Amino acid sequence: MMMAHRWTALVSLLALLVYFWISFQTATARRKTGIAAPAMTGDPLLERTVRAHYNTLEWLPIFLVSLWLFAIYWNELVAAALGVVWIVGRIMYATGYMAAAEKRSAGFLVQSLATAVLLFGALGRIVYSLATGGM
């Protein structure tokens with residue numbers, strides 16, 4: 001039974017569930033505003049919700065790759081904890097942005113800092129291992 005990186009796997013799936021939740025928020029905003037697809041503009045609620053959805057999609061590849069590489073090259077539990085911080089930041093970002101554009105900053109800061117630690121931590125460890133010839 002494969003048990004390595006189970007926490008990283010769980011956090012990855014939770015991140016995807018958050019993305020799934022945000023996609024439903026877009027559908028809800030469409031119903032509330034009466035704006036049918038494929039229209040993307042016409043009401044600030046829909047526009048903010050769509051941006052929160054798209055911005056999360058834009059960050060997912062950076063986050064997920066960084067999360068996994070950090071878990072592999074550094075420490076899985078630290079990676080998973082930082083992943084939970086990212087998830088909390090994305091929820092803060094999305095709920096803030098859906099309420100008002102100016103309320104998105106705190107969540108964006110939280111998730112971007114978590115991603116930066118994962119990304120540069122993984123990169124640093126990989127470069128170090130290449131430079132020293134091992135792990």
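Each reported figure results from applying straightforward, stated rules to the coordinates on display, with no laboratory input. Just so it is clear, the model here is predicted, and its values are computed rather than measured. With ideal geometry, Cβ positions are generated from the backbone for all residues, glycine too; neighbour counts draw on all protein chains shown.
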Residue within region 96-113 that is aliphatic (A, V, I, L, M), crowded, with 19+ Cβ neighbours inside 10 Å, in contact with a His (Cβ under 7 Å, 6 or more places away or on another chain) and part of a helix (DSSP H, G or I) present: no
Single residue of region 114-135 satisfying the filter (surrounded by 17 or more Cβ atoms within 10 Å (Cβ to Cβ) and not hydrophobic (A, V, I, L, M, F, W, C)) that is nearest to Leu14 (Cα to Cα): Thr115
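Yes or no, residue by residue, for (1) within 19 Å of Leu46 (Cβ to Cβ); (2) free of Cβ contacts under 8 Å to residues at least 24 places away in the same chain:
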site: Ala94; (1), (2): yes, no
site: Met98; (1), (2): yes, no
site: Glu102; (1), (2): yes, yes
site: Ala114; (1), (2): no, no
site: Leu118; (1), (2): no, no
site: Gly121; (1), (2): no, no
site: Arg125; (1), (2): no, no
Check on Thr26, surrounded by fewer than 20 Cβ atoms within 10 Å (Cβ to Cβ) and in contact with a His (Cβ under 6 Å, 6 or more places away or on another chain): yes
